[in-house]
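**Student:** Structure provided below as structure tokens; questions to follow.
What follows is calculated from the coordinates using simple rules that are stated; it is not laboratory data. As the structure is a prediction and not an experimental result, all values here were calculated from the model. Note: ideal-geometry Cβ built from the backbone for every residue, glycine included; neighbour counts use all protein chains shown.
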Amino acid sequence: MSLIKELDTQLANKIAAGEVIERPASVVKELVENAIDAKSTEITVKIYEAGLQSISVIDNGTGIAVDDIELAFGRHATSKIHDDHDLFHIRTLGFRGEALASITSVSEVEMKTCTGNESVYASVKNGVITDQKPTRLKRGTEITVSNLFYNTPARLKYIKSLQTEHGKITDIMNRFALSYPHIRFNYYNEDKLSLRTTGSGKLGEVMGQVYGMKVSNDLIKVSGETGDYSITGMVAKPEHTRSNRHYISIFINGRYIKNYILTKAILDGYHTLLPIGRFPIVALHITMDPGLVDVNVHPTKQEVRLSKETELKELIATMIKNALTKEMLIPQIKIKKQKPSEIFEQQKIFYEEQQSHKQAVNENTEPINQLDDTVQGEHQHKADTSTDKQINYEEVTEDIKSEPFIKATEEMNNISPKLPYMEVVGQVHGTYIIAQNDQGMYMIDQHAAQERIKYEFYKHRMNLVNNEVQPLLVPINLSFSKDEALRILEYVDQLKAIGLELEPFGSNDFIIQAVPTWFPNDAALVIDDIITFILENKSMDLNKFRENTAIMMSCKRSIKANHYLTRTDMERLIEELSYTNEPYTCPHGRPITILLSSYDIEKLFKRVM
Ligand code: ADP
Ligand code: MG
């Protein structure tokens, strides 16, 4: 006897609905997408009981012809694509032809539609049209979905609180509004207006409606283009930040998408302007040839696959960076440009002179800045000044003291300092340390300085063969899309080599139970950074991975601009810097120190000619 049977249509639709219609917000998403595809200029959405009681979507689009009604509710029936070529050149939001069929299999649907000529009313239950008759309507479509999941109790159980579901719908409506500033959206919850946009086409205006006026006053326009991509958008000034990535919206050809790497590119654009753990408010519209993007990788189409992702990533990061820099630009005093190499040369010569002078004075003196670790919790700082300075660890701010850098740099080099002694004078803009010695005045970029220190520290630790680990009180769960999980799997061994053990859990998830003892306190954030970093980079061998991870971690975890330091912090930073192998440039090659020589100062004041 044969056991295999073809599923009946209703059952097949219910199975498809399991993928496409996860929750009330999915219904809203599919119906609004249809309204947009139908070229509507105004779309109204009304929900009751977070959409479980009913969802109505009213549009003024093309409408559906009477002869197409039955097909529209059928599975795999679409007016949007016809052949293979179309599938790889999608210009509409829908194309799978399964949304209406899925929705009608798990709810009761009523629809009125008019193409401009005839108007029809239809009601559908259990996937079957139960009533169809002429009606009166202006051009457009009105669909009402009621009693969602009434016949799939398991799905109903899975639904979270009404508040959560309502939140998800609001989120989707906000993204539609941001994605289509030319469309007028009206969104009502329990008859109360929750969002209204004007359809003026101005993205900044919509951002005001979605995120509030305060944000909309502080938006910067961005745009950029390569042969393949064109981008326009708005980014909020860095003073407006949020605690998660939720306020970043990326639209590709009008479709809201989630993409780790492009989000990261946006964060890179802000670079040091964002405090650690804070995220910006951004909306970007990317347009590209539909042939360069595969949207058919996920039933809900939020994940897409892009060709030339690196090109796009770089375009986004530089575009945002340039826009922000331009905005932040303050007039500068122009002094004669010095090449970094010249500065280092001068510093080296000066330091060598200082050293030989000292040796001549006292043959038995220890090298300057030699660290003495015998004093518990304190450091003896022997400099070429008459009094010894003591650095008290307690005074050092959390930013700085969390990791045992001095110890590490000592362990790594155990050599004399590479910078001449300089006395801290103060700090400018919470960003540059000003210091002096006979040679002149130094400006030290505090972020670059700490980057260098941390980079050497992390690299040293990562290269140790046996990384000691400490268990986490709460294990870290990581959850990925299939694509991402596969990529992460390629890196499991390399991560293990630096002391991070990822245990696979379920098909796309991993658990981390322990982290290396040298890890910073915010392990979850560090891991998030490392993962993002892996996902956005081409394959690397272990050495390159260690090197790049150390650079990335050092940059992320270093004190940023606009951070005020105490004098002790500054002294300690310079001291630590002087013990690194390469105190002259940050790991990205930017200079750490600029010297304005005493001679140049005198020249500027015309004391010498
Ligand atoms: P898809 O959007 O993938 O084509 P759907 O099941 O969502 O599949 O819709 C099936 C078809 O019904 C669409 O291709 C479109 O022709 C028609 N349709 C659905 N909603 C609307 C609407 N609001 N206005 C005009 N046509 C619509
Ligand atoms: Mg659709």
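**Student:** For the residue pair SER598 and HIS246, what label-to-label distance in nm results when each label sits 7 Å from Cα along the Cα-to-beta-carbon direction?
**Tutor:** It is 5.9 nm.
**Student:** Among VAL206, VAL425, VAL57, which comes first, second and so on when ranked by fewest other beta-carbon atoms within 10 Å?
**Tutor:** Taking fewest neighbouring Cβ atoms as first place, the list is VAL425, VAL57, VAL206.
**Student:** In addition: Could you tell me the distance between the Cα centroids of the stretch 550-565 and the stretch 578-609, to the nearest Å?
**Tutor:** Answer, in whole Å: 21.
**Student:** Hey, another quick one. Could you give each residue of the stretch 63-71 its phi-based ³J(HN,Hα) in whole Hz, using Karplus coefficients 6.51, -1.76, 1.60 with θ = phi - 60°, and x for Gly or Pro?
**Tutor:** x, 10, 5, 3, 5, 9, 4, 4, 5
**Student:** Now, a different point. Can you give me the distance in nm between label points at GLU314 and LYS192, each placed 7 Å from the Cα along the Cα-to-Cβ direction?
**Tutor:** In this crude spin-label approximation the distance works out to 5.0 nm.
**Student:** For a quick check: with amide H placed at 1.01 Å from N, whose amide H comes under 5 Å from ILE248's, ignoring anything fewer than 5 positions away on the same chain?
**Tutor:** Under 5 Å from the amide H of ILE248: VAL282.
**Student:** Let me ask something additional. Cβ neighbours within 10 Å, averaged per peptide: list 101-112, 193-204 in order, most packed at the top.
**Tutor:** Going by the mean number of other Cβ atoms within 10 Å, highest first, we get 101-112, 193-204.
**Student:** Still on this structure, I have one more. Can you list residues whose amide H is under 5 Å from PHE505's amide H, if they're 5+ apart or on another chain and H is modeled 1.01 Å from N?
**Tutor:** Under 5 Å from the amide H of PHE505: PHE510, ILE511.
**Student:** Can you compute the modelled spin-label distance between MET213 and ALA154, with each label point 7 Å from Cα toward Cβ, in nm?
**Tutor:** Distance between the two pseudo-spin positions: 5.1 nm.
**Student:** If packing is taken as the average count of other Cβ atoms within 10 Å, what order do 250-258, 486-494 fall into, highest mean first?
**Tutor:** Packing order, densest peptide first, comes out as 250-258, 486-494.
**Student:** Also: Ranking request for peptides 172-182, 209-219, 40-50, 585-595: highest mean number of other beta-carbon atoms within 10 Å first, then the rest in descending order.
**Tutor:** The packing order, highest mean first, is 172-182, 40-50, 585-595, 209-219.
**Student:** Another one. Roughly how many whole Å is it from the C-alpha centroid of the stretch 474-541 to that of the stretch 176-200?
**Tutor:** Result: 39 Å between the Cα centres.
**Student:** Compute, for the stretch 26-105, the length of the dipole vector about the Cα centre, with Cβ point charges of +1 (Lys, Arg) and -1 (Asp, Glu) only. Units Debye, rounded to 20.
**Tutor:** In debye, rounded to 20, the stretch 26-105 gives about 220.
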